[in-house]
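Trainee: Please find one structure pasted underneath; my questions will follow.
The values are calculated or read from the model by the stated rules, or taken from the named source; none is laboratory data. Quick caveat: nothing in here was measured; it's all calculated off a predicted structure. Methodologically, a virtual Cβ is constructed for each residue, glycine included, from the backbone with ideal geometry; neighbour enumeration extends over all protein chains shown. We work out accessible area using only protein heavy atoms, side chains counted, and drop any ligands, DNA or RNA first. Shrake-Rupley method; radii C 1.70, N 1.55, O 1.52, S 1.80 Å.
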Amino acid sequence: MNKPKAILFDLDGTLIDSERFHMECWNEILREHGNQLTYADWLKSYSGIPLPTNAKNIIEQFNLPYESGELISRRETLTLERLKTTKVALMPYAEDILEFFTEKGLILALVTGSPRYDVDATFEHNNLKKYFRVIVTRSDVTNSKPDPESYNLCVDRLGLSKENCIVFEDTVNGIRSAKAAGLMCYAIQSNLDEHHKLSIADNLFLDFNAAKLFMLENDLID
């Protein structure tokens with residue numbers, strides 16, 4: 001492949017360690033009805049899935065007294081409240097890789113299934129916004145991941161050929177979105193139990209440091 005000119009990142013679970021945060025937002029609601037998700041449940045059935053789909057599935061699984069739109073609104077409000085007071089940790093080597101690619105002159109972009117206000121609240125705590133030339137959120141598209149719309153929009157805004165872009169994702173839906181857009185996609189996943197699900201990615205790494213070493217060894221970065 002060509003040497004990349006741009007690197008496109010997912011946010012939740014890729015750059016920030018937000019899986020448990022999002023699970024706990026659901027559990028805050030579920031505990032009101034005597035239920036709770038385990039982390040294994042979350043990873044198996046809900047991680048990387050768009051909010052409307054998760055809301056529908058949670059209503060069905062736990063027989064909650066909500067209409068789908070009502071639960072979505074409740075969850076979005078709760079998430080934003082918690083993000084304003086919670087600093088979500090970065091994934092291992094996340095800031096290192098952003099600094100590294102920036103120093104190498106690569107253009108960075110963010111493509112996330114989170115809404116714009118969640119991203120803004122997250123960036124207030126971790127100061128990541130400065131790295132990204134383009135940010136595409138769920139608020140910017142009609143169809144979120146696994147649909148390719150968000151990645152297609154990002155590439156259009158960058159004004160680059162898809163052959164000059166590499167995506168970093170951590171879930172099946174994210175990878176499907178990138179691949180459906182015709183993009184090279186690397187998966188970052190420290191949970192070995194999840195690796196068999198992510199084999200559709202072009203490469204799979206335990207962390208960003210391993211990905212950086214691979215790119216250097218294969219002359220993908222000057």
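Trainee: Kindly indicate which of GLU103, GLU81, GLU99, GLU76 is acidic (Asp, Glu) and under 16 Å from ASP12 (Cβ atoms).
Mentor: Within the list GLU103, GLU81, GLU99, GLU76, the selection yields GLU76.
Trainee: Does THR102 count as modelled with pLDDT of 95 or more, of a type in the set (S, T, N, Q), surrounded by fewer than 16 Cβ atoms within 10 Å (Cβ to Cβ) and not in a loop (DSSP other than H, G, I, E, B)? Reasoning before the result, please.
Mentor: Details: modelled with pLDDT of 95 or more: yes; of a type in the set (S, T, N, Q): yes; surrounded by fewer than 16 Cβ atoms within 10 Å (Cβ to Cβ): yes; not in a loop (DSSP other than H, G, I, E, B): yes.
Yes, satisfied.
Trainee: I've got another one for you. Please work out which one of (1) over 16 Å from the mean Cα position of the chain (by Cα); (2) under 28 Å from LYS44 (Cα atoms) is the condition ASP118 fails and give its number.
Mentor: Result: ASP118 passes all but (1).
Trainee: I'd like the full set of residues that are open to solvent by less than 10 Å² (accessible area, probe 1.4 Å) and either of a type in the set (Gly, Ala, Ser) or without any contact (Cβ under 8 Å) to a residue 40 or more places away in the chain (or both), limited to the stretch 156-185.
Mentor: Passing the criteria: GLY174, ILE175, SER177, ALA178, ALA181, CYS185.
Trainee: Shifting gears a bit: Tell me, please, whether a residue that is part of a strand (DSSP E or B), small (Gly, Ala, Ser) and within 21 Å of LEU220 (Cα to Cα) can be found in the stretch 179-197.
Mentor: yes
Residue-by-condition table, conditions (1) over 20 Å from the mean Cα position of the chain (by Cα); (2) part of a helix (DSSP H, G or I):
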site	(1), (2)
ASN2	yes, no
GLU28	yes, yes
TRP42	no, yes
LEU71	yes, yes
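Trainee: Considering only residues that are of a type in the set (Gly, Ala, Ser), in contact (Cβ under 8 Å) with a residue 12 or more places away in the chain and over 26 Å from TYR117 (Cα atoms), which ones fall in the stretch 31-80?
Mentor: Within the stretch 31-80, none qualify.
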